[in-house]
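Okay, structure first, notes after.
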Amino acid sequence: MSIISKSDLFKRQITLSEISELGQQKLQDAKVLVVGCGGLGSPIAVYLASSGIGKLHLIDFDTVAITNLHRQVFYSLDDVDHYKSECLANFIQQRAPFTQVSFSTQALTKENASMLISEYDIIVDGTDSLPTKYLLNDVCVLEEKPLVYGSLYKFDGYVSSFNLLQEDGSYSANLRDAFPVMNTDVPNCEEAGILNAIVGMIATAQVNEVLKIITGIGKPLANKLLVYNALQNRQLKMKISSIIEKEQIASLFKIETYFDAACGTQNPDWQISPAALKVRLLDTERSLSLELIAVVPNLKVPFKVSQTIPIEEFDASTFTINPLKTYVMVCQKGVNSYLATKKLKAKYPTLDVLNLTGGIRSY
């Protein structure tokens, strides 16, 4: 392969008078952290590297699953069961010679977030975990780092640039100004479903925000939340006012756990393994005492469930119980089913309630 020059690789971008060599150098000097390497994070990372970001770090503890591939298009069949962050870093190394890319397979937690975030200029949220989104937001406010936010729900996408330094020395609105309370009952895309086109559109909108912030061109989505609906091709911008002070977030940070069942520890006493459930279902007499509850609509299961109660509608106070039954909560990955298990155990501590460990994906 012949020697590649920056002027050749980024020629079409440098040709833009708003970017030019000066803007391209700003991109080369930038250090960006991408948290989450799934539907949003993987195209974000590839596009940022292809744009000439000088230093890029990727964080994701998850591995590639076959169900990821319809929307996480930078992974291949050969990547299944391998760490997403590592596969993505390898892909980027093959096409972005001027980007120093590194990766981590550890989960972002309250304990390590400040250390991981502190050395980067811009943080990009590519996660599908609400607790992690609030953790990122709160640490970015405390560390005074800009956060480019993106999220998805079925056919809708949301984008904003939070915590940007403004001309008067103050910082723009953050996630808690837009959504003060964390609603942990909202299912992620694996639970609720997602159209792949909206994933790519929101990811590139986030990339666009990062490029504008670094180069200083255009108008970032500061104090605004862009909401886009793919079915109607309709978008709107919601104004966000800065209400939550840094001191308030510092107080919240002290007491909040930011616990996410997807990457945290689940109570082992509330679990039933796929193997154990199979044994009980094959035992005709023992299976009669089981009540299987799906907490995700249209969940494809290899057994009959007694009823389906979507996690966002799951209310333990209205749940009719039979103390002689063993309730097994089921979802795709064992995350929302664990939330339902916790709700039932909180209401009925002595009730026999179990979570299918790893969900149907592990069955």
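The values are calculated or read from the model by the stated rules, or taken from the named source; none is laboratory data. Computed from a prediction, not measured in an experiment: that's the story for all the values here. Positions of Cβ are generated from backbone atoms using ideal geometry, with glycine treated the same way; all protein chains shown enter the neighbour counts. The protein model used for the area step is the full one, side chains on, heavy atoms only, and it has no ligands, DNA or RNA in it. Shrake-Rupley method; radii C 1.70, N 1.55, O 1.52, S 1.80 Å.
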Quiz item: Out of the residues in the range 122-138 that are in a loop (DSSP other than H, G, I, E, B) and of a type outside the set (Gly, Ala, Ser), which is most open to solvent (accessible area, probe 1.4 Å)?
Solution: Asp128
Quiz item: Any idea which of (1) in a helix (DSSP H, G or I); (2) modelled with pLDDT under 90; (3) within 21 Å of Val207 (Cα to Cα) is the one Thr67 doesn't satisfy?
Solution: (3)
Quiz item: Which of (1) under 28 Å from Ser50 (Cα atoms); (2) touching a Phe, Trp or Tyr at 6+ places or on another chain (Cβ under 7 Å); (3) part of a loop (DSSP other than H, G, I, E, B); (4) not charged (D, E, K, R) does Met182 not meet, given it meets every other one?
Solution: (1)
Quiz prompt | Selection within the range 326-347 - outside any helix (DSSP H, G or I) and open to solvent by 50 Å² or more (accessible area, probe 1.4 Å) | solution = Lys333
Quiz item: Can you find even one residue in the range 41-63 that is among the β-branched types (Val, Ile, Thr), over 24 Å from Ile217 (Cβ atoms), at pLDDT below 95 and in contact with a strand residue (DSSP E or B) (Cβ under 7 Å, 6 or more places away or on another chain)?
Solution: yes
Quiz item: Do the conditions hold for Met201, that is, is it assigned to a loop (DSSP other than H, G, I, E, B) and either aromatic (Phe, Trp, Tyr) or out of contact with any Ser or Thr (no Cβ under 8 Å at 6 or more places or on another chain) (or both)?
Solution: no
Quiz prompt | Residues (out of contact with any Ser or Thr (no Cβ under 8 Å at 6 or more places or on another chain) and among the small types (Gly, Ala, Ser)) located in the range 110-149 | solution = Ala113, Ser114, Ser118, Ser129
Self-check item: Number of the exception - Glu209 against (1) free of Cβ contacts under 8 Å to residues at least 12 places away in the same chain; (2) open to solvent by less than 10 Å² (accessible area, probe 1.4 Å)
Solution: (1)
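Results for (1) at pLDDT below 90; (2) more than 19 Å from Gly193 (Cα to Cα); (3) in contact with a Cys (Cβ under 9 Å, 6 or more places away or on another chain); (4) aromatic (Phe, Trp, Tyr), shown as yes or no for each residue.
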site	(1), (2), (3), (4)
Glu291	no, yes, no, no
Val296	yes, no, yes, no
Val301	yes, no, no, no
Leu344	no, yes, no, no
Thr350	no, yes, no, no
Leu354	no, yes, no, no
Quiz item: Here are Val279, Val335, Val296, Val330: which of them is in contact with an Asp or Glu (Cβ under 6 Å, 6 or more places away or on another chain) and among the hydrophobic types (A, V, I, L, M, F, W, C)?
Solution: Val296
Exercise. Name the one entry in Ser362, Ser317, Ser273 that is surrounded by fewer than 15 Cβ atoms within 10 Å (Cβ to Cβ), touching a residue at least 40 places away in the same chain (Cβ under 8 Å) and touching a helix residue (DSSP H, G or I) at 6+ places or on another chain (Cβ under 7 Å).
Key: Ser362
Exercise. Any chance you could count how many residues in the range 98-121 are open to solvent by less than 50 Å² (accessible area, probe 1.4 Å), not in a loop (DSSP other than H, G, I, E, B) and not aliphatic (A, V, I, L, M)?
Key: 3
